[in-house]
Amino acid sequence: GTILNTATVGAQQTDPNPDNNTDSDEVEVGSADLKVTKTLKTPAAPVTGDNVVYEIKVDNLGSSGATGVVLTDALPAGLSGVTANKPECTVASPTVSCLVGSLASGSSWTVEISGQVAVGTDELINYASASGNEHDPDLSNNSDEVETLVGKAVNLAIDKSHAGDFTRGQTGAEYALSVKNNGPDASTGTVTVTDTLPTGLAATAISGIGWNCVLATLTCDRADSLPPGDSYPDITMTVDVA
């Protein structure tokens, strides 16, 4: 803040005006004030397998320069293949250390750190902080944290097949519908299969183990989770050919 320096002079003789025997000088002391701002740049709503990019900015809000500035980013669990776009940074999981160096008053320094969200990750909590050689009068803004929920990535695929050729007027022809999860996460919530028949076919039955099927709408659904790489039991649909 400030320094107040007071000096006093005195002598053995009587001083007729002692009021001017003391004088003070106040000087304002400049200081560096580092501020860290961290944001999730992309994507806004990450899911498993996405490549996320964080932007970290270090500002010197103080009236004097900062030296020996070091930025440390504590990487969240669930982030792999981490890289930084500045040569001043060293990636040594679970941290990224950046030797920012000197920051003049009013100047800033920015880095982007990216990595891939691992399977099974529900949340990313990323914490970054900065420090320097000089006394920092406000340590409350020297760090910042970004907390991000991770969505599930499920790649459902359906395969529809039949055996043999259909003939005009045929009854009891069958289709098989198979649903597979190509991952990387297990499915959650309700999975629904809807079939739209072409003109000339009339459905007479639709069913499958574990499926809740409605013939009138040709829909089947179920709520049990499907692990990555697995398939549900097939749905069998029986049709008559016009």
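Quick rundown of the values:
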quantity: Gaussian network model of the chain, springs between alpha carbon atoms under 10 Å - residue of T171, T48, T83 with greatest fluctuation; calculated: T171
quantity: Accessible area in square angstrom per residue, region 155-227, 1.4 angstrom probe; calculated: 59
quantity: Relative contact order of region 30-88, defined on C-alpha pairs under 8 angstrom at six or more residues apart (%); calculated: 37
quantity: Solvent exposure, largest accessible area first (probe 1.4 Å, DNA, RNA and ligands not counted), of I206, I113, I3; calculated: I3, I206, I113
quantity: Relative contact order (%) - region 92-241, alpha-carbon pairs under 8 angstrom, separation at least six; calculated: 22
quantity: Computed accessible area, K180, all protein chains, 1.4 angstrom probe, square angstrom; calculated: 80
quantity: Sequence of I158, I209 when ordered by accessible area, the most exposed leading, probe 1.4 angstrom; calculated: I209, I158
quantity: Karplus-derived 3J(HN,Hα), 6.51/-1.76/1.60, for each residue of region 92-97, Hz, glycine and proline x; calculated: 9, 3, x, 9, 10, 10
quantity: Lysines with Cα under 22 Å of K160, excluding same-chain neighbours fewer than 8 positions away; calculated: K180
quantity: Cut-off under 5 Å, modelled amide H: who pairs with S187 long-range; calculated: L226
quantity: Calculated FRET efficiency for the pair T72/T2, C-beta based, R₀ 35 Å, to 0.05; calculated: 0.65
quantity: 10 Å beta-carbon shell around Y232, net charge (K/R +1, D/E -1); calculated: -1
quantity: Shape metrics for region 186-242, restricted to C-alpha atoms - Rg then Dmax, Å; calculated: 12.8, 41
quantity: Cα centroid of region 50-103 to Cα centroid of region 181-242, whole Å; calculated: 49
quantity: Calculated on alpha-carbon atoms, Rg and Dmax of region 1-69 in Å; calculated: 27.1, 87
quantity: Convex hull per residue volume in Å³, alpha carbons only, for region 38-135; calculated: 90
quantity: Which of K57, K38 is most accessible, then next, and so on - probe 1.4 Å; calculated: K57, K38
quantity: GNM result for the chain, Cα springs below 10 Å: residue of D73, D23, D136 fluctuating most strongly; calculated: D23
quantity: Accessible surface of the chain, 1.4 Å probe, proportion on carbon and sulfur as whole %; calculated: 51
quantity: With eigenvalues of the C-alpha gyration tensor scaled by 5 and rooted, region 126-175, Å; calculated: 70, 9, 5
quantity: Heavy atoms of E28: accessible area, 1.4 Å probe, square angstrom to 10; calculated: 150
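The values are calculated or read from the model by the stated rules, or taken from the named source; none is laboratory data. Since this is a predicted model, take the numbers as computed values, not measurements. Methodologically, a virtual Cβ is constructed for each residue, glycine included, from the backbone with ideal geometry; neighbour enumeration extends over all protein chains shown. For accessibility, only protein heavy atoms count, side chains too; no ligands or nucleic acids. Shrake-Rupley method; radii C 1.70, N 1.55, O 1.52, S 1.80 Å.
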